[in-house]
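Undergrad: Structure incoming, see below.
Laboratory data are not the source of any read-out in this text; all were calculated from the coordinates shown. If you're wondering where the values come from, they're calculated on a predicted model, not measured in any experiment. Every residue, glycine among them, receives a Cβ derived from its backbone with ideal geometry; neighbour counts consider all protein chains shown.
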Amino acid sequence: MFGFLQLVVVNVISYAAFALGVWALVDAARRSPAAFVSAGKQTKSLWLIVLGIATAILFVALPFPFAKAALSIFNFVALIAAAAVIVYFVGVKPALGTHRRGPKGGGRSTKGGW
């Protein structure tokens, strides 16, 4: 019973880390390169490379459904990859938040019409 609970927790954490990696990669890809430079957070291409490698590592580290996670050096590398994703969400994304991705309101004009 306790072993199964541990297995479920490891699976949930692994899949959540991968999902956050994908989210961070998509978010970074949607931002303008000038936003990264003006926020003082390296360049967009560097962050895309870091997040792309981190997401790929997190994907490979995913446990098979209901499989036991083996302790290995690769799990440590996956932990470092998850840390890179966390750094993006904690340090880079808030700094980029002041820079808009596009016109407010989805690009619709507020002049005229209904």
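Undergrad: Take peptides 37-47, 21-31, 51-61 and line them up by average Cβ neighbours within 10 Å, highest first, as a rough protection proxy.
TA: On the way: 37-47: 14.2, 21-31: 17.3, 51-61: 18.9.
Packing order, densest peptide first, comes out as 51-61, 21-31, 37-47.
Undergrad: For residue 2 and residue 45, calculate 0.36 nm times their separation in residues minus their Cα-Cα distance, and state this gained length in nm to one decimal.
TA: 11.1 nm
Undergrad: Right, something else. Calculated FRET efficiency, residue 37 and residue 86, Cβ-Cβ r, R0 22 Å, to nearest 0.05?
TA: Numbers: r = 22 Å, r/R0 = 1.02.
Efficiency computed from Cβ-Cβ geometry: 0.50.
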